[in-house]
Protein chains: 2
Amino acid sequence: MSPLFWSAPVSAVLALGFALYLALNNLRKEEGTEPMKQVAQAVKEGATAYLKQQYKGVSIFFAIVFVLLLILALLKLQSPFVPFAFLTGGFFSGLSGFIGMSIGVRCSARTTWASKQSLNSGLRVAFSSGMVMGLVVVGLGLIDISIWYIILNAVYASEPLIHKLELITSTMLAFGIGASSQALFARVGGGIFTKAADVGADLVGKIEAGIPEDDPRNPAVIADNVGDNVGDIAGMGADLYESYVDSIIASMALSVVAFKGTGWEINGILLPMVLAGVGIISSIIGSFFVRAGEKAEQAVLLSALRRGIYGAAVLSAILAFIVTRWLLPENWSVYWAILSGLLAGVLIGYFTEMFTSDSYSPTRAISAEARTSPATVILEGLSVGMRSAFPIVIVVVVAIITSFFLSGFGSPEIGLYGIGIAAVGMLSTLGITLATDAYGPVADNAGGNAQMTGQEPIVRERTDALDALGNTTAATGKGFAIGSAALTALALIAAYRDEVRVVSQRFLGEVRTLQLSLLNPYLIAGIFAGAVIPMVVSSSILKAVARTASKIADEVRRQFREIAGLMEGKTKPDYARAVTICTKAAQKEMLSPALTAIIAPVIVGLLLGPEGVAGFLIGGLATGFCLAIFMANAGGAWDNAKKFIEKGNYGGKGSEAHKASVVGDTVGDPLKDAAGPSLNILLKLQSMVSIVVLGLVLKISSYMPWLK
Amino acid sequence: MSPLFWSAPVSAVLALGFALYLALNNLRKEEGTEPMKQVAQAVKEGATAYLKQQYKGVSIFFAIVFVLLLILALLKLQSPFVPFAFLTGGFFSGLSGFIGMSIGVRCSARTTWASKQSLNSGLRVAFSSGMVMGLVVVGLGLIDISIWYIILNAVYASEPLIHKLELITSTMLAFGIGASSQALFARVGGGIFTKAADVGADLVGKIEAGIPEDDPRNPAVIADNVGDNVGDIAGMGADLYESYVDSIIASMALSVVAFKGTGWEINGILLPMVLAGVGIISSIIGSFFVRAGEKAEQAVLLSALRRGIYGAAVLSAILAFIVTRWLLPENWSVYWAILSGLLAGVLIGYFTEMFTSDSYSPTRAISAEARTSPATVILEGLSVGMRSAFPIVIVVVVAIITSFFLSGFGSPEIGLYGIGIAAVGMLSTLGITLATDAYGPVADNAGGNAQMTGQEPIVRERTDALDALGNTTAATGKGFAIGSAALTALALIAAYRDEVRVVSQRFLGEVRTLQLSLLNPYLIAGIFAGAVIPMVVSSSILKAVARTASKIADEVRRQFREIAGLMEGKTKPDYARAVTICTKAAQKEMLSPALTAIIAPVIVGLLLGPEGVAGFLIGGLATGFCLAIFMANAGGAWDNAKKFIEKGNYGGKGSEAHKASVVGDTVGDPLKDAAGPSLNILLKLQSMVSIVVLGLVLKISSYMPWLK
């Protein structure tokens, strides 16, 4: 094994150590006044209670799938390590979210307190808690992959090289399934919770009763703040853990075929891990660039954040060149894939910002429509979201073509490996880009705390400024997440084809080559079936949010009506009821999307055979990718269109235009924070499930008369 | 040529003759009082003026494309008949819409007048005007195809058989492009006009000023009624003309390869035309089943309509069996494809109704959400629309698989032909199914007339009942349109592959076989690029509607404010201004979707080569089909959810819930009547353009260094 391999686990440990240092540093800071602590405590308790409940539900799911995988393993349709890899993937994905949230809930009041001093102090606390999350995600991700690699490498040491690598990579895919399942639960459950609470609280509080956001008289206000933590922080942590490890695992799987017989098999597998390692180092160094004078204005802070992100990206690009030349001296052209991945990520971030920031015309056009009615706000927002998919899809198309050709140079197998590596390149600096995404909800909660504890207006203004700043830089983070999802899913589809060859030989005794012609009727049928799945999953998430939000709205109205003295601020509302309603609904509804993702590929495999599955995966990718961008950007644009009006345009807060824009924001919230991100996970999860159940599908489908 | 061929032109003439008889019969009926005539006259003038304007704009487009095609023909990259086929397709598609609308505007007041007598009398007038439209569409469609076939058959009589058939079918595809382009303009232009007027009128009239729909004091009321005619009638006519002829042409194109060398080449080409012919006969006979007693209730009328549709379908199935056995005695298993097509159409109609009728839970759930807020109405509706795509896609998948295997029995070429034939089977009874769809807008206009001329409430109730009845049966019609679009588009993609072989041999001197592997990077890039196009087109349509609606709303507000005595009914509003605003906007905005559909496949061909185009078409089909169903059904469900509340549920008309449901309806209108149907056309247009410009694309792309 190349000594360079060790750079991966070492960087991972470094990331975790630096995260611990940052966390302890933050926790030593003042948490503020007693009321501030109390609010933070209430949110923390609610969030922890919810997560406990969620992990309980998820454990049952994991236990069942574990047993099923164990049976498959006992039937010798799978490696015996698969069930355990699955469990650890789920565990660590959940842990990433949990740790991120734990630091988040502890830093919100501290951010409020720091914001009393200055904007920059607030940013430091919030950003470093985001940085903890970023480093935990990449650190845990890379250390887990490294450990599994070391274990499997030792266990299968006596196998012939290619067979050994096949066993290692296919087992690691089960690890990915665990991570993705956990992430899907976290995104869907957390997303339903947070958006239902948010929508329900806003509908009655802001629109009907006319009290401000986060007003302590609103019975759903604690649920709303709990939701930010379990959805936007814990959910996002699990989500990006999944993106990160999946991109690495997918490239490792493709490298076996890409370098077969060239003598570079092992180095090809090591490259994604080592790239991740140098990305971590770059992220840590980049974080030191995020500095500004104590009295810095918003624009200065923004450029400080950008300096951090771009600094890390440039550094990572340089280090990646060195390690690629070292590990793959004969095929270092793979480096161009890394570079196209990085560049595509930046470009997607740019276009995301163009369509969702109120500095540009698309979002402003939505604000302008608010003068007419909520309906035109919705129509214009749908239009902006759909339009935004175009440049982003084109960027990804160009990235695919350039990665394929520049890294492959005639070898289509290395070309496909290049597509996977492009995703790794895109996500290599996740440590810092995630920080810019994750500190937003902390700032959001800090604002809630300021409002509920009645701080002077300047504090809320500063936390709002931090939140807005976060929205802008988050565009970059989201660009990386969406783009990498498309590339990784594509790489996994390629891996699926390779696995069909390997698995059919191993379990059926003969090599089954896929007939991937576009006019194969099974494949066409699969494409149609796959294309509709993202719609089905989005549908059930949106329905759950709408219905739970209505329940919350009813509950808030009931409390306003029945609890005497509530509106006058004399009595406290019953916060716990709203939390319970959200918890129950989220728990009930999170199951079906995850089950769809896991069961659909199996059913398609049994009915339409492996060609049908290939079509299914590509159909899902085509629709899912476009829908995910549409939902993310429509939601973002509606959100900022509302904020643009709140800045005083078109009548400002309280005007009819503002009310219309709130409808847009309310519709957009579950699109951008629940349904949209779930699709990114879904696409990869479906591909990995298809690969892991291949043995079973090939075995059973060989008995299906119409598949002969 | 089989004598059976002549059944096609003869049935077509029969259809046109019967349509003339029905039209004259209707026109002899009483048009009502003087004010009723005046309103009808105003709407007629507005609609005719708009269509004139639209045809002017469209002619410029047609002239330019005609010249381009002529140049290609002079460069010998195309048959010299192509430009002329293109022109006639456009002309007759437009004519179908125009005739349908001419009869529609003349029958609305007559429907109002007949509704004073009884519900059944109203139905008779409205339904027979819808029947005129249905028969004109199928009659013109089939006669045009027959004439072109006779001409080309004579011109190319001396060519070798297969070459002759290739020349005939590829020229007929240009006819399809003309029809589809015209249809796209009609749908987009008409759709923007009608929905902008509708939304603008409702927003200010119903919601802000609190006056009823179609109130004569509303300055946009004439524009709204004009819109119904130019969008929902003329647009729908052109649209279904296109669906009808495209399905026939696509099957004819596939038959050349399917029966090559079997001796059944000609009969294979004749079958789609003959099937259309027997479908016309069945539709005419079916229309006689639509009878009910003078005092019949709504439920009785519904079953009378259904008797007509299903009677025609059963008859058509029987006749189709006979002609299939006659024309293709060795391959009469193609009949199963016809049957699966018919059955799939019925099933899609069933599911459409289940998701959009207020008798079922999905639509009622939207109504229930209206108690909470407009935002939850939107979310629930988005969810219903997305969910509804699932069963419909599955029905189409099953239809594809059964058509392919049952008609092919081992021959994949005949299997693909079977998919095309399934679409012909589905649309064979269009004469009558379109009638049930087309009479809705006539009834809608009749209601408007009743309102504007102050008829007693029972009249409006009856026209509303007719409209509601139409909504229910229209579900069946829409099912056929959507399902056939998917099957036809798929057939056209198969035809594209065949054409690449033919065209490359003819123009490059060597046979170019497509490398359609799913992992071909050009194909993947094409899939992504294709998937995003339906979003781009929908986006520009929705944007145009939102912005024009805002302009209309501003204009209505201005007139309410500035015209003294308007609200008291003492002065008349300036109706013409709203019509002008809509006309200008529709003309300006209808261009870009049509240009996208025509230019995108050319650009993709030049950059990614023919494999990229194949991916592009299938990617567009995957996303476009799902989006089209989603938009159609979300819109339908929102519409009926509003009507359910208007029936007195959740507070009835004027309640907060009603206002929230109006927002849903307003958002849904452009989705279901402008963007959604445009996608059905887009998918086929893109495929046909790809085929017709193949000579050019192959020639130029052979110089592109990266495509070597």
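General observations
- Failed item, numbered, when B:Val199 is tested on (1) free of Cβ contacts under 8 Å to residues at least 40 places away in the same chain; (2) under 25 Å from the mean Cα position of the chain (by Cα): (1)
- Qualifying residue in segment B:227-237 (condition: part of a helix (DSSP H, G or I), closer than 30 Å to B:Thr171 by Cβ, touching a Leu at 6+ places or on another chain (Cβ under 8 Å) and modelled with pLDDT of 90 or more): no
- Odd one out for A:Gly654, checked against (1) away from every other protein chain (no Cβ under 11 Å); (2) in a helix (DSSP H, G or I): (2)
- Scanning segment B:549-584 for residues that are touching a residue at least 40 places away in the same chain (Cβ under 8 Å), within 14 Å of chain A (Cβ to nearest Cβ) and among the acidic types (Asp, Glu) yields one hit, B:Glu555.
- Unique match (being farther than 30 Å from A:Val692 by Cβ, among the aliphatic types (A, V, I, L, M) and assigned to a helix (DSSP H, G or I)) among A:Val58, A:Val39, A:Val65: A:Val39
- Residues in segment A:433-448 that are out of contact with any Asp or Glu (no Cβ under 8 Å at 6 or more places or on another chain) and closer than 18 Å to A:Gln38 by Cα: A:Val442, A:Ala446.
- The single condition from (1) more than 20 Å from A:Arg547 (Cα to Cα); (2) facing chain A (nearest Cβ under 10 Å) that B:Ile348 fails is (2).
- Selection count, segment A:530-546, where residues are at the interface with chain B (Cβ under 7 Å from one of its Cβ atoms), hydrophobic (A, V, I, L, M, F, W, C) and over 16 Å from A:Ile493 (Cα atoms): 6
- Checking each residue of segment A:681-704 against the condition of being more than 25 Å from A:Gly235 (Cβ to Cβ) and without any contact (Cβ under 8 Å) to a residue 60 or more places away in the chain gives at least one match.
- Matching residues in segment A:369-384 - criterion: being facing chain B (nearest Cβ under 8 Å), of a type outside the set (Asp, Glu) and in a helix (DSSP H, G or I): A:Pro374, A:Ala375, A:Thr376, A:Ile378, A:Leu379, A:Leu382, A:Ser383, A:Val384
- Some residue of segment A:513-528 being under 21 Å from the mean Cα position of the chain (by Cα), within 8 Å of chain B (Cβ to nearest Cβ) and either free of Cβ contacts under 8 Å to residues at least 60 places away in the same chain or within 19 Å of A:Ile603 (Cα to Cα) (or both): no
- If you go through segment A:391-404 and pick out every residue that is more than 7 Å from every other protein chain (Cβ to nearest Cβ) and crowded, with 24+ Cβ neighbours inside 10 Å, you end up with 3.
- Top-ranked residue of segment B:454-492 - restricted to ones that are of a type in the set (Gly, Ala, Ser) and over 17 Å from the mean Cα position of the chain (by Cα), ranked as surrounded by the fewest Cβ atoms within 10 Å (Cβ to Cβ): B:Gly454
- Any chance B:Thr473 is closer than 29 Å to B:Ala438 by Cβ, of a type in the set (Val, Ile, Thr), in a helix (DSSP H, G or I) and touching a Leu at 6+ places or on another chain (Cβ under 6 Å): yes
- Failed criterion for A:Gln455 (all others in (1) touching a residue at least 24 places away in the same chain (Cβ under 8 Å); (2) part of a helix (DSSP H, G or I) hold): (2)
- Of the residues in segment A:317-336, not one is without any contact (Cβ under 8 Å) to a residue 40 or more places away in the chain, within 14 Å of chain B (Cβ to nearest Cβ) and part of a helix (DSSP H, G or I).
- Any hit, segment A:499-512, residues being at the interface with chain B (Cβ under 8 Å from one of its Cβ atoms) and either in a helix (DSSP H, G or I) or not charged (D, E, K, R) (or both): no
- Within segment A:252-288, the residues that satisfy the criterion of being of a type in the set (Phe, Trp, Tyr) and either crowded, with 17+ Cβ neighbours inside 10 Å or closer than 27 Å to A:Ile493 by Cβ (or both) are A:Phe259, A:Trp264.
- Assessment of segment A:469-483 against the conditions (over 30 Å from B:Ser550 (Cβ atoms), within 14 Å of chain B (Cβ to nearest Cβ) and aromatic (Phe, Trp, Tyr)) yields no matching residue.
- Failed item, numbered, when A:Asp669 is tested on (1) within 10 Å of another protein chain (Cβ to nearest Cβ); (2) charged (D, E, K, R); (3) over 20 Å from the mean Cα position of the chain (by Cα): (3)
- The residue that is nearest to A:Lys642 (Cα to Cα), among those in segment A:351-368 that are in contact (Cβ under 8 Å) with a residue 40 or more places away in the chain and over 23 Å from the mean Cα position of the chain (by Cα), is A:Ser367.
- Pick from segment B:201-241, criterion among the small types (Gly, Ala, Ser) and surrounded by fewer than 24 Cβ atoms within 10 Å (Cβ to Cβ), ranking: nearest to B:Ala585 (Cα to Cα): B:Ala209
- Any hit, segment A:150-163, residues being touching a residue at least 12 places away in the same chain (Cβ under 8 Å), out of contact with any strand residue (DSSP E or B) (no Cβ under 8 Å at 6 or more places or on another chain) and buried (at least 24 other Cβ atoms within 10 Å of the Cβ): no
- Of the residues A:Leu621, A:Leu607, the single one that is farther than 30 Å from A:Lys52 by Cα, facing chain B (nearest Cβ under 10 Å) and surrounded by fewer than 23 Cβ atoms within 10 Å (Cβ to Cβ) is A:Leu607.
- Residue within segment B:419-437 that is under 30 Å from A:Asp202 (Cβ atoms), part of a helix (DSSP H, G or I) and at pLDDT 85 or above present: no
- Only one of the listed residues (B:Ser407, B:Ser367) is among the polar types (S, T, N, Q), within 30 Å of A:Ala197 (Cβ to Cβ) and buried (at least 24 other Cβ atoms within 10 Å of the Cβ). That residue is B:Ser367.
- Candidates A:Lys672, A:Lys643, A:Lys647: the one that is of a type in the set (Lys, Arg) and touching a Phe, Trp or Tyr at 6+ places or on another chain (Cβ under 9 Å) is A:Lys672.
The values are calculated or read from the model by the stated rules, or taken from the named source; none is laboratory data. If you're wondering where the values come from, they're calculated on a predicted model, not measured in any experiment. Backbone-built Cβ (ideal geometry, glycine too); neighbour counts: all protein chains shown.
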